[in-house]
C-alpha cells in the first residue's frame with residue numbers, strides 16, 4: 001500500500017490513501033504503516049480522505065497506537081469525517097485515541 | 001487304627017487313662033473286680049475314641065464346607081485383626097495364598113488406604129457387636145487388578161461376652177457392577193441419540209421471513225424423547241403450512257416413527273404439488289389423506305398411532321384451513337375480542353384405521369390473532385399435588401400474553417409450566433408452536449444483488465446499499481442511518497467471508513434491501529457455516545484488543561438483527577433499521 005508521509009519537525013504525518021479502510025485493505029495498511037513507526041515516534045494519521053472505516057480499520061489503528069506507546073511514542077488522529085467519527089464513538093475509541101480537528105492542530109499538540 | 005487325639009485336653013485324658021489302666025498286652029493276672037474294671041475302662045476308651053472320631057469328622061466336614069464355599073470367607077482374631085482363616089475362594093479371588101495371609105493383617109498386603117478402610121469397618125463391627133454389611137468396597141488384587149466386593153462382617157463373641165473373632169464373607173461384584181455401568185451408559189447413549197434425532201429430524205426451524213406471519217417454536221426435551229415433531233412448508237410468499245404431531249410411545253422407536261411420518265407428509269405434499277394445476281395448492285385434507293394412506297398400515301402393524309394437526313395459513317386471504325387428527329386442541333387467540341377459542345376436529349389419529357376420510361375446518365383470521373399448537377406434554381405437566389396443567393390454564397396464559405411477540409408468549413408459557421410443576425425438567429417432551437398473523441405489507445422498494453465472498457467486494461456492497469437507500473420512493477433514508485447500514489453490512493459481510501466461508505473467495509452472498517414505510521430491512525443469504533452470535537464475547541473497549549468489535553457494531557448500528565436459516569437451507573442475517581420519521585402505515 002502506497003503511504004504518503006510528511007515530516008513536520010519531528011512529527012511524522014501519514015496520509016491515509018483511498019476513501020475506505022475496511023477488511024479488504026486494513027491488513028495491508030497495518031503491515032505497511034508499521035514500518036514507518038519509529039521508536040518514540042510522534043505520529044499523526046490524517047484521515048481527511050477516509051469516508052469509511054470498519055472494525056478491521058479500527059483494529060489497524062489500535063495496533064499502531066500500541067506499537068508507538070510501547071516505545072514511548074504517540075499517535076494522534078486528525079481530519080475525521082462524520083461517519084468515521086461515529087464508528088469511533090460507537091465503540092468508545094474516541095476515549096482511547098487523541099483525536100484532533102485538523103492536521104495542524106495535531107502537529108501543534110505534539111509541541112505543546 | 002486310631003491316632004492320638006489332637007487336642008491337649010483329650011491327650012491328657014488319654015495319657016492319664018493309659019497310665020492308670022494297663023492295656024491288655026501287659027495285663028497281669030487279677031481278680032474279678034479288676035477284670036471288670038478293665039472291661040469298663042475299655043468300653044469308656046472305645047466310646048471316647050468313637051466320639052473323637054465323630055468330632056474329627058464333623059470338623060473336617062465344616063472345614064470342607066468353608067473351603068469349598070463359592071464365596072470368599074476369612075476369619076480374623078479380634079485382638080490384633082490378624083487372619084486366622086482364609087478359604088480357597090479368598091486365595092483365588094485375591095491371588096493371596098493362605099500361607100501368606102494367616103498370621104498377617106490387611107496392612108501386609110493391601111494398599112494403606114484400602115487396609116485402613118477394612119480395619120475401620122472391622123473395629124466398627126467388633127465394638128458394635130453387630131453384623132455390618134458393606135455394599136461395595138474396592139480391593140487391589142495380586143493378579144486381577146482392582147475388584148469390587150460386597151462384604152458382610154460378623155463378630156463372634158466368646159462365653160465371656162467379649163468378641164473373639166471376626167468373620168467376613170465377601171462376594172466379588174466387579175462383573176455385576178461393570179454390567180450395571182454398561183447399562184447406564186447404554187441408556188445415556190439412547191437419550192443422546194434420541195435427542196439428536198429430535199433436533200435433526202423431528203424439529204424444524206420456524207420460518208422467519210414469511211411476510212404477514214410471525215412464528216416461534218419451543219421444545220424442552222425430556223429424559224426420554226417422545227417423538228413430537230413439527231414442520232413448516234412455505235408456499236410462495238403468501239401461504240404457510242404448519243404440521244405438528246405427536247407419536248404414541250417414547251424413546252428411539254417413537255422418534256423414528258415421528259421422523260418417518262414427517263417425511264411421508266413431505267412426500268405427499270410434493271407428489272400432490274406435482275400433480276396440481278399450475279399455481280394451485282393441494283388441500284390440507286388431501287395431503288393428510290395421502291400421507292395417512294402411506295403410513296396407516298405400518299402404524300397399525302407397529303401398534304402405534306400418531307396425532308397430527310395440519311394447518312394452512314393463507315396470508316393473503318387471512319384464513320386458516322386445518323385438519324386435526326386427534327391432536328391436542330389448537331388455541332386460537334382472537335385479537336379483536338381478547339378471547340381464546342379451542343379448535344378441534346373429529347378425525348381419528350393416523351394409524352387407527354385405514355381408509356379414513358379427513359374433514360377440514362375453515363377459520364377466518366384477523367391481524368394479531370395467534371394460533372398455538374402444542375403437545376400433550378405441556379397440558380399433562382403435573383404439579384406436586386398431582387393436578388394437570390391442563391388446557392384451561394394454558395388458554396388463560398395465551399389470553400393474558402397473546403399480544404406479546406410470539407417468542408415472548410412462548411417463553412411466558414414455558415415459565416408458567418415451570419412454575420406450575422416447580423421443575424425445569426419435564427416427564428414428557430414439551431413442544432409448542434405459536435403463529436401470529438401480522439399486517440401483511442409489501443415493501444415499497446426491493447433490490448437484490450449477488451456479491452462474491454471476496455473482501456474486495458465490500459465497497460461494491462456498500463455502494464449498493466447507499467444507492468438503494470438514497471433513492472427510496474417518497475423520501476430517502478437519512479445519511480446517518482445510511483452510514484450505519486453501510487457499517488453493519490460491511491461487518492456482517494466480512495464475517496461471512498472470513499468465518500462462514502473461511503476465506504474462500506469463490507462463493508456467493510446474496511444481498512437484499514426491502515424498504516417499508518417505517519423501516520429498511522437488509523438481508524444477507526449465504527451457504528457457509530451458520531454463525532452463532534451468542535458465542536461471541538463482548539468486546540474490550542480499553543484499546544487492548546484489535547478485534548472482536550464486529551458483532552457489537554452490527555447490534556449497535558441497526559434496530560434489530562436476526563440470524564436464522566431460511567426455508568431453502570441458507571443461512572440468513574437480517575438487519576432492520578427503523579426510519580426516523582415513520583409515516584402512518586396503510587392497512
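General remarks:
- The conditions of being modelled with pLDDT of 90 or more, closer than 24 Å to residue B:439 by Cα and part of a helix (DSSP H, G or I) are not met by residue B:363.
- Test result for residue B:456, under 38 Å from the mean Cα position of the chain (by Cα), within 14 Å of chain A (Cβ to nearest Cβ), surrounded by fewer than 21 Cβ atoms within 10 Å (Cβ to Cβ) and farther than 30 Å from residue B:227 by Cα: no
- Of the residues making up the stretch B:534-560, those that are modelled with pLDDT of 85 or more and in a helix (DSSP H, G or I) are B:550, B:551, B:552, B:553, B:554, B:555, B:556, B:557.
- Residues considered: B:81, B:73. Of these, the only one that is part of a loop (DSSP other than H, G, I, E, B) and at pLDDT 90 or above is B:81.
- Residue B:468 vs. criteria more than 14 Å from chain A (Cβ to nearest Cβ), over 26 Å from residue B:333 (Cβ atoms) and surrounded by 21 or more Cβ atoms within 10 Å (Cβ to Cβ): yes
- Count - residues of the stretch B:482-505 that are farther than 20 Å from residue A:57 by Cβ and either facing another protein chain (nearest Cβ under 10 Å) or assigned to a helix (DSSP H, G or I) (or both): 1
- Selection of helices (runs of 4 or more DSSP H) fully inside the stretch A:30-112 by the criterion of at least 2 residues being within 14 Å of another protein chain (Cβ to nearest Cβ) and touching a helix residue (DSSP H, G or I) at 6+ places or on another chain (Cβ under 9 Å) returns A:55-70, A:82-90.
- Residues within the stretch B:299-320 that are surrounded by fewer than 19 Cβ atoms within 10 Å (Cβ to Cβ) and closer than 23 Å to residue B:431 by Cβ, tallied: 1
- Looking across the stretch B:371-420 at every residue that is in a strand (DSSP E or B) and crowded, with 20+ Cβ neighbours inside 10 Å, the one that is nearest to the chain's Cα centre (by Cα) is identified as B:374.
- Residue B:433, sole failed condition from (1) surrounded by 18 or more Cβ atoms within 10 Å (Cβ to Cβ); (2) in contact (Cβ under 8 Å) with a residue 24 or more places away in the chain; (3) in a helix (DSSP H, G or I): (3)
- Here residue B:228 meets each of (1) crowded, with 18+ Cβ neighbours inside 10 Å; (2) over 21 Å from residue B:288 (Cβ atoms) with one exception, condition (2).
Matching residues to (1) away from chain A (no Cβ under 12 Å); (2) within 27 Å of residue A:65 (Cβ to Cβ); (3) touching a helix residue (DSSP H, G or I) at 6+ places or on another chain (Cβ under 7 Å):
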position: B:507; (1), (2), (3): yes, no, no
position: B:533; (1), (2), (3): yes, no, yes
position: B:537; (1), (2), (3): yes, yes, no
position: B:543; (1), (2), (3): no, yes, yes
position: B:557; (1), (2), (3): no, yes, yes
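- When residues of the stretch B:334-344 are limited to those that are outside any loop (DSSP other than H, G, I, E, B) and under 33 Å from the mean Cα position of the chain (by Cα), the one surrounded by the most Cβ atoms within 10 Å (Cβ to Cβ): B:343
- Every test in (1) farther than 16 Å from residue B:472 by Cβ; (2) at pLDDT below 90; (3) in contact with a strand residue (DSSP E or B) (Cβ under 8 Å, 6 or more places away or on another chain) is passed by residue B:518 save one, and that test is (1).
- Yes/no for residue B:528 being within 30 Å of residue B:474 (Cβ to Cβ), modelled with pLDDT of 90 or more and either touching a strand residue (DSSP E or B) at 6+ places or on another chain (Cβ under 7 Å) or within 14 Å of chain A (Cβ to nearest Cβ) (or both): no
- Residue tally, condition touching a residue at least 24 places away in the same chain (Cβ under 8 Å) and closer than 20 Å to residue B:556 by Cβ, over the stretch A:51-92: 18
The values are calculated or read from the model by the stated rules, or taken from the named source; none is laboratory data. From a predicted model like this one, the values you see are computed outputs, not experimental measurements. All Cβ positions, even for glycine, are placed from backbone atoms using ideal geometry, and neighbour counts span all protein chains on display.
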